[in-house]
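Data block below; observations after.
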Amino acid sequence: EPITYPPQTNLMLPSDAVSILSFKSKADLHNKLLYVLNERFDYCQWRGVNCIQGRVVRFLLPNFGLFGTFPANSLSRLDQLRVLSLHNNSLSGPIPDLSSLYNLKSLFLGRNHFSGTFPSSILFLHRLTSLDLSYNELTGPLPVNLTTLDRLNILRLEWNRFNGTVPPLNQPFLLIFNVSGNNLTGKIPVTPTLSKFNTTAFSLNPHLCGKIINKACTTRAPFFGSSSASSPAVQSPKANSGGIVALPPPHLPKKKHQRPGMVLGFTVGIALIIFSVLLALAVVKKQGGKKRVESKETKPTTASSEATNSKTQVEGVSERKSVINEIQKLKKSGNLVFVDGEVEGYSLEQLMRASAELLGRGSMGITYKAVIDGQLILTVKRLDAGKTAVTSGEVFEQHMDAVGALRHPNLVPVRAYFQAKGERLVIYDYQPNGSVSNLVHGSRSTRAKPLHWTSCLKIAEDVAEGLAYIHQASRLFHGNLKSSNVLLGSDFEACLADYSLVVLADSSCFTEDPDSLAYKAPEIRKSSRRLTPKSDVYAFGVFLLELLTGKLPSRHPVLVPRDMLEWVRATREDDGGEYHWLGMLTEVASVCSLTSPEQRPAMWQVLKMIHEIKESAMMDDSASFGYS
Ligand SMILES: Nc1ncnc2c1ncn2[C@@H]1O[C@H](COP(=O)(O)OP(=O)(O)OP(=O)(O)O)[C@@H](O)[C@H]1O
């Protein structure tokens, strides 16, 4: 039952003042709040306190450097309280019983060190519209009854240690929702509300699965390099340091009957390969005369990317070819393999007939933009046969199945692949707005100007999200992060391309330009066999510096971290306004590019640092809804 009248503890002092002072006595051990009470209602003028008719309705203490605990029975008497924010302080211990704050609409306790389980008293606060417990150390399951808080607009629970399953939340007004970075498990309930959120709301929970995050709840597809045939049950999160949890080793061989469009040549046997190659050669020969020789002019990409695509367009005009001309040597002994969950939207024949434009030549092969039947735009990467010859057909198939299973808003999705007789194609979505390399360095004629620091932050966040996802969702890594492999999607979101392809190639065949080399961590400069997630972290550090300075990686000086900031600043026309933020971002870049892989943070830790910078920046601009 709600308490209607606050019990008077001291006839001289209003009970709201007593509440606040008793809160301060334990929560402000460093005495940051200078609360003095001379007159009876002075407390309504205290910093962070807002009253209506002498009763405290808002108590807002974000970023006050509060250090201590949140004492039980302190604020519980503030029964007129509507908003409570203790966001971003250093409060530890459990969150006390708050059930008497029955008028509370917004509760912001994020970015502290609160521990213990989800405070069940919160479930009594039926008027709550905003609840933020993110970035704490809370453990245990999320109560199923969270569904009863039916007015919630904001529910932020990310970066705690919650385990168990996601409750079947279906609050119609839930607009902001995040449970990423916990240890939640099992299938995400497919409610209309939860279906509205994309995978980032659930990311970095290694054992979550289900339709909403495009991850099957069964054992994952095999991946490259694994040898174990026996698959233990899902590994305990505790077995992993730092929160990265590896998926169980795959079952080998893979159950092939589950997917459509299988590569016949590798499943039915040698005899069939020979037969189909002969047949295909006959068909190709017969159709040779009929092949479309006209090369449909594929329009250049969107107007907004005019500058960014100038290099590829010049190459495209001079080397524009039809895919049929380029890959007509294909022996048609295989079909396109559409990765798990993909609809077979087109055939190999359609792909071969598609008009194509050269996008560029990279270390692994040649990349084309292909337009199928004048409608569907794809990117086709034709891998260099010689360089990937070290990878057997079976390993290639297993690897591409694992890579194709990755789905994240910051990854360019693999849709299909193909291999037959030395030819290997990987088909991706086409990203219409060029690459970050184009964006930062522009065409050669224009002088490069570094991006605004907030754009750097946004791109860095997107890339870190994509990398952290790859590392946690599989035992894969990118292996070739660089600005030409970070593409801009239709909303100018940054998406990683070319992830996890480099392991298929013999790196000794590579002749890399100085910029590509500069992304390589010291331990992999000699051989890419030693690629690990930490080498991606190194490349991320180089990429971040490239973003901040607009300088090509081969021109980055080797500096100790404290000189690094001065160099970063010198490359920018800074009026001093961004100094603080540049400092924080440069620090992230420096720690990522440490020589020793062990000293570099894991990608999820990098992501956490970037989130923290973003959140403080938002608070600084008072742009963050509800925190001040
Ligand atoms: N899915 C895609 N959509 C649009 N452009 C793409 C796509 N994939 C690659 N590109 C662009 O095509 C060009 C060639 O890419 P490619 O990956 O072959 O070479 P690279 O990125 O320069 O080097 P590397 O092979 O080492 O990654 C690059 O400019 C890249 O930005």
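The values are calculated or read from the model by the stated rules, or taken from the named source; none is laboratory data. All values derive from a computational prediction rather than experimental measurement. No Cβ is skipped: glycine too gets one built from the backbone with ideal geometry, and neighbour counts run over all protein chains shown. These accessible areas exclude ligands, DNA and RNA; they are computed on the full protein's heavy atoms, side chains included. Shrake-Rupley method; radii C 1.70, N 1.55, O 1.52, S 1.80 Å.
Taking a 1.4 Å probe, which of L488, L451 shows the most accessible area, and what order do the others take after it?
Details: L488 5, L451 30 Å².
In descending accessible area the options line up as L451, L488.
Pop a pseudo-label 7 angstrom from the Cα along the beta-carbon direction at both H126 and D513 and give the gap in nm to one decimal.
Label-label distance for H126 and D513, simple model: 6.5 nm.
Over the heavy atoms of L517, what accessible area does a 1.4 Å probe trace out, to the nearest 10 Å²?
Taking all protein chains as shown, L517 has close to 70 Å².
Once label points are set 7 Å from the Cα along Cα→Cβ at both Q375 and R530, what is their separation, rounded to one decimal in nm?
5.1 nm
For S554 and V144, what is the calculated FRET efficiency with R₀ set at 56 Å and r taken between the beta-carbons, to the nearest 0.05?
Working: r = 55 Å, r/R0 = 0.99.
About 0.50, to the nearest 0.05.
Which residues in the stretch 367-411 have a backbone N closer than 19 Å to a point placed 7 Å from the Cα of D506 along the Cα-to-Cβ line?
383-397
Leaving out ligands, DNA and RNA, what percent of the accessible area of the stretch 375-415 is carbon and sulfur, probe 1.4 Å? Intermediate results must be reported in sequence, preceding the final value.
Details: 660 of 1260 Å².
Roughly 53 percent, rounded to a whole number.
Here are some pairs, K520/K551; K211/K608; K449/K608; which of them have Cα atoms lying more than 19 Å apart in this structure?
Check vs 19 Å cut-off fails for K211/K608; K449/K608.
Mind ranking 373-385, 82-94 by how tightly packed they are, going by the mean number of other C-beta atoms within 10 angstrom, highest first? Walk me through the numbers on the way to the answer.
On the way: 373-385: 16.8, 82-94: 20.2.
In decreasing order of mean packing, 373-385, 82-94 become 82-94, 373-385.
Add +1 for every Lys or Arg and -1 for every Asp or Glu among the other residues with Cβ under 12 Å from the Cβ of N50, and state the total.
Details: positive: R47, R55, R58, R82; negative: D16.
That works out to +3.
Rounded to the nearest percent, how much of the accessible area of the stretch 467-560 (1.4 Å probe, protein heavy atoms only) is carbon and sulfur? All intermediate terms of the calculation are to be shown ahead of the outcome.
On the way: 1810 of 3460 Å².
Carbon and sulfur atoms account for 52 percent of the accessible area of the stretch 467-560.
State the extension gain, in nm to one decimal, for the chain segment bounded by R40 and S455, taking 0.36 nm per residue of separation less the distance between their alpha-carbons. Don't skip to the end; give the middle numbers.
On the way: separation 415, 0.36 × 415 = 149.40 nm, distance 4.98 nm.
So the chain would gain 144.4 nm between R40 and S455.
Keeping all protein chains in the complex and leaving out DNA, RNA and ligands, what accessible area do you get for I366 with a 1.4 Å probe, in Å² to the nearest 10?
Its heavy atoms expose roughly 40 Å² to the probe.
Stretched out fully, how many nm does the piece from Q350 to A385 gain, at 0.36 nm a residue minus the Cα gap? Spell out each step's value before the answer.
Numbers: separation 35, 0.36 × 35 = 12.60 nm, distance 2.24 nm.
Full-extension gain reported as 10.4 nm.
For R361 and S490, calculate 0.36 nm times their separation in residues minus their Cα-Cα distance, and state this gained length in nm to one decimal. Each step should come with its number before you reach the end.
Numbers: separation 129, 0.36 × 129 = 46.44 nm, distance 2.33 nm.
So the chain would gain 44.1 nm between R361 and S490.
Separation between the H580 and A72 pseudo-spin-labels, each 7 Å from Cα along Cα→Cβ, expressed in nm?
The two pseudo-label positions are separated by 3.8 nm.
Would you mind getting me the FRET efficiency between K26 and T117? Use the beta-carbon distance for r and R0 = 22 Å, nearest 0.05. Each step should come with its number before you reach the end.
On the way: r = 20 Å, r/R0 = 0.93.
For R0 = 22 Å, the calculated efficiency reads 0.60.
In this model, which of K32/K534; K105/K534; K387/K614; K215/K526; K32/K105 are farther than 32 Å apart at the alpha-carbon?
Numbers: K32/K534 40 Å; K105/K534 43 Å; K387/K614 41 Å; K215/K526 36 Å; K32/K105 26 Å.
From the list (K32/K534; K105/K534; K387/K614; K215/K526; K32/K105), the Cα-Cα distance tops 32 Å for K32/K534; K105/K534; K387/K614; K215/K526.
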